[in-house]
Amino acid sequence: MIKHIRIVLLFLSSLIFTASAGHAQPFGIGMDTPLNELNVDESRELNDINRYYLSSVPRSHNEFEEYVVTLGETTGVCSILANGKIYNNDAYGTGVKRAFDSIRSQLESGYGSSQLASGMREKGGIWASEDNWVFAIRQNERVHEALWLAQTGATMKDNVAAIKLQVLALTRNSAFLQISYQFDNFAKCYEENRASQADAL
């Protein structure tokens, strides 16, 4: 009898875990989340209306250190942006590319295949050498990003419409990752925020 109860409990636990894993949201934040349910960092401000730095998120990731959300008054959260740790002394991009590959693999395990864009934007760029890999990113001559969209074969879920993972650079030898999520309500949220600005004129 006790053995039977233990088996039932284990089965129920596995069901609960499967259900929660199936409804994982980016950093634990779902579409429509209202402002009063977020841990806003009151000490930091953004110039854009309805964009907020967060002091913490429900489920953080050790690669990312800074989180920003965009939301509308009625739509709630419609996008999330996270900036990663800085890779210094990385002119060749070795460290940041390794991190990019790791995060891309983690995302593909949940959202399926991504569309990769990597290389110089135009032939003959003056910063095309490998030792200027990060500086070419800084000069907007090189791109290294992955995109997840249903139209390109990704398996979007939890109201996530698009994901973009990219390498950005601060200096000629320091870079970081940035990931952004757009939810299904992004267009409605954008229009709502645009209209609120127009009303101020």
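For the reader, a short list of remarks on this structure follows.
- Residue within region 111-130 that is assigned to a helix (DSSP H, G or I), surrounded by 15 or more Cβ atoms within 10 Å (Cβ to Cβ) and in contact (Cβ under 8 Å) with a residue 12 or more places away in the chain present: yes
- Every residue from region 148-163 that is surrounded by fewer than 17 Cβ atoms within 10 Å (Cβ to Cβ), without any contact (Cβ under 8 Å) to a residue 40 or more places away in the chain and not hydroxyl-bearing (Ser, Thr, Tyr): Leu149, Ala150, Gln151
- The set of residues from region 40-76 being of a type in the set (Gly, Ala, Ser) and in a loop (DSSP other than H, G, I, E, B) comprises Ser43, Ser60.
- Single residue of region 82-110 satisfying the filter (open to solvent by 30 Å² or more (accessible area, probe 1.4 Å) and among the acidic types (Asp, Glu)) that is farthest from Ala24 (Cα to Cα): Asp101
- Selection status of Ile103, of a type outside the set (S, T, N, Q) and either modelled with pLDDT under 95 or part of a loop (DSSP other than H, G, I, E, B) (or both): no
- Checked against the criterion of being over 14 Å from the mean Cα position of the chain (by Cα), at pLDDT 95 or above and closer than 29 Å to Gly30 by Cα, the candidates Ala198, Ala154 yield just one match: Ala154.
The values are calculated or read from the model by the stated rules, or taken from the named source; none is laboratory data. Every value quoted in this text rests on a predicted model; they were computed, and no experiment measured them. Positions of Cβ are generated from backbone atoms using ideal geometry, with glycine treated the same way; all protein chains shown enter the neighbour counts. Just so you know, the surface numbers come from the protein's heavy atoms only, side chains and all, with ligands and any DNA or RNA stripped out. Shrake-Rupley method; radii C 1.70, N 1.55, O 1.52, S 1.80 Å.
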